[in-house]
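Derivation of every value follows stated rules applied to the coordinates shown; laboratory data play no part. Computed from a predicted structure; not experimentally measured. Please note: Cβ atoms are built from the backbone with ideal geometry, for glycine as well, and neighbour counts cover all protein chains shown.
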Amino acid sequence: MVKIRSIEVEPAIINSSCAWSSDRDQLQALYDCTYTGAVTTRTATIGGFDENDTHQVAFVNDEAHLTTINSYGYSPHPLSTYLGVITDILSSEKTSLVPERLTSKPFIISITASDAPTLREMVASIQSTLRYTPDDTASPWAHRIAIELNTSCPNISGAPPPAYTPSAPPLVDLLAVLKEEFKKDTSLTIGLKLPPYVYQSQFHDILKVIAGLSFVVDGATVNPIAFFTCTNTLGNTLLFTSQTATPSSGSKYALPVPLGGLAGHPLHPLALGNVHTFSTLLQSAAFSDLKDIVIIGVGGVTDISGVQRMRATGAQVVGAASLFGKYGPEAFQRLIDESI
Ligand SMILES: Cc1cc2nc3c(=O)[nH]c(=O)nc-3n(C[C@H](O)[C@H](O)[C@H](O)COP(=O)(O)O)c2cc1C
């Protein structure tokens, strides 16, 4: 079991935010799956993202090296839809398939916003819907909800991933909101979905900004950020249709746009490098206020060996998206059960 501030993740295997954790049925299936220790929603915005047929995913035609490329933005469903779905699932959990394995499974609600007032409103609505009752006492689900701020989607036209410029807006403004909200409620589990970084000073730059959010409560230094999810897809990549599972579709490129985010097998070494670098820096004297940040390792995990590599580089929890897209919830059994 891995504790991340107020939530407990057991087993320490989860789905990472993706297009297959978008709808009610998909979230219910992930919740009912005994091989996931938490359910991460697709990234929601306040009003829903305007999805169209330029937003797609393609799988590479190579069974041995699972690879995806996608041009998705965020979920077409607004945050309010996720709050409703999660309320329904948690309310009806006594009727779930295997209640003894599900009693503490948390939801990680992936959200994003381009400005501070919108993010403030989103966090307030999560707090009031799921973590507090109308008389302001903690709801029975207060410890079942975490927030992951997606700072790293590479597919939004005109809006580069904020975490690549950590000391500038909008990231500084969004982090200031998370600090404000955490000051009001220091039990709130908040994480950041980070992009793949490719050179050393990028890691130092983001950590310096996050370290700057620390403050003192009752003599102890605390930081609003409880976890990092490393990494999101690698942006600006391109595959030809001839490389994919649908080579006869008639189009030249795997995605109509044609650039997108790469995930799966080719991302794995970069994801491992990111997890290794963050875990080393988080345990160093330079960032001692951040030493309790838990790393959720994501990127190209497709089997038990991948899980073991993530753990050996410092991830306490391991997540997967492309594998889940290929196999559905059964994917997570592959990450735990040696007999598969
Ligand atoms: C089709 C698809 C949709 C995704 N959508 C999101 C998303 O909404 N939010 C997010 O933070 N990451 C999203 N991701 C990124 C994944 O969470 C993950 O970081 C990335 O795919 C690397 O993991 P993998 O190699 O296991 O696929 C998406 C990935 C895929 C393949």
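Taking the condition within 12 Å of the ligand (Cβ to nearest atom), part of a strand (DSSP E or B) and either over 20 Å from the mean Cα position of the chain (by Cα) or buried (at least 19 other Cβ atoms within 10 Å of the Cβ) (or both), does L262 pass? So L262 fits the description; yes.
Looking only at region 44-62, decide whether some residue is within 14 Å of the ligand (Cβ to nearest atom), more than 15 Å from the chain's Cα centre (by Cα) and hydroxyl-bearing (S, T, Y). Checking region 44-62: at least one residue is within 14 Å of the ligand (Cβ to nearest atom), more than 15 Å from the chain's Cα centre (by Cα) and hydroxyl-bearing (S, T, Y).
In region 152-177, the residues that are under 16 Å from L119 (Cα atoms) reach residues that are acidic (D, E) with C-beta atoms within less than 9 angstrom, at least six apart or across chains, in these pairs: P169/D115; P170/D115; D173/D115; L174/D115. Screening L149 against (1) within 16 Å of the ligand (Cβ to nearest atom); (2) over 27 Å from E8 (Cβ atoms); (3) of a type outside the set (S, T, Y) leaves a single unmet condition, (2).
A quick yes/no check of all residues on (1) closer than 21 Å to R131 by Cβ; (2) outside any loop (DSSP other than H, G, I, E, B):
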{"residue": "S157", "(1), (2)": "no, no"}
{"residue": "P166", "(1), (2)": "no, no"}
{"residue": "L174", "(1), (2)": "yes, yes"}
{"residue": "S187", "(1), (2)": "yes, no"}
{"residue": "L192", "(1), (2)": "yes, yes"}
{"residue": "V198", "(1), (2)": "no, no"}
{"residue": "F228", "(1), (2)": "no, yes"}
{"residue": "G235", "(1), (2)": "no, yes"}
{"residue": "T246", "(1), (2)": "no, no"}
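Report, by residue number, each residue of region 1-29 that is more than 16 Å from A146 (Cα to Cα) and within 14 Å of the ligand (Cβ to nearest atom). Passing the criteria: C18, A19, W20, S22, D23, Q26.
Yes or no: F287 within 10 Å of the ligand (Cβ to nearest atom) and aromatic (F, W, Y)? Answer is no for this residue. Exactly one residue out of T87, T68 is in contact (Cβ under 8 Å) with a residue 40 or more places away in the chain, polar (S, T, N, Q), touching a Gly at 6+ places or on another chain (Cβ under 7 Å) and over 20 Å from I293 (Cα atoms): that is T68.
Residue-level check: of (1) in contact with a helix residue (DSSP H, G or I) (Cβ under 9 Å, 6 or more places away or on another chain); (2) more than 9 Å from the ligand (Cβ to nearest atom), P76 misses just (1). Counted as qualifying within region 1-103 are no helices (runs of 4 or more DSSP H), as none has 2 or more residues that are among the β-branched types (V, I, T) and under 27 Å from P266 (Cβ atoms). Evaluate region 91-109: report whether one residue or more is within 16 Å of the ligand (Cβ to nearest atom), among the aliphatic types (A, V, I, L, M), at negative phi and buried (at least 20 other Cβ atoms within 10 Å of the Cβ). Yes, region 91-109 contains at least one residue that is within 16 Å of the ligand (Cβ to nearest atom), among the aliphatic types (A, V, I, L, M), at negative phi and buried (at least 20 other Cβ atoms within 10 Å of the Cβ).
Is it the case that region 286-294 has a residue that's free of Cβ contacts under 8 Å to residues at least 60 places away in the same chain and among the β-branched types (V, I, T)? No, that holds for no residue.
Of all the residues in region 213-239, those that are surrounded by fewer than 16 Cβ atoms within 10 Å (Cβ to Cβ), out of contact with any Pro (no Cβ under 9 Å at 6 or more places or on another chain) and not aliphatic (A, V, I, L, M) number 3. Kindly indicate the residue of region 290-340 that is within 14 Å of the ligand (Cβ to nearest atom) and in a strand (DSSP E or B) and also nearest to F203 (Cα to Cα) among those meeting that condition. So the residue we want is I295. In this structure, T237 does satisfy being within 15 Å of the ligand (Cβ to nearest atom), over 16 Å from the mean Cα position of the chain (by Cα) and in contact (Cβ under 8 Å) with a residue 40 or more places away in the chain.
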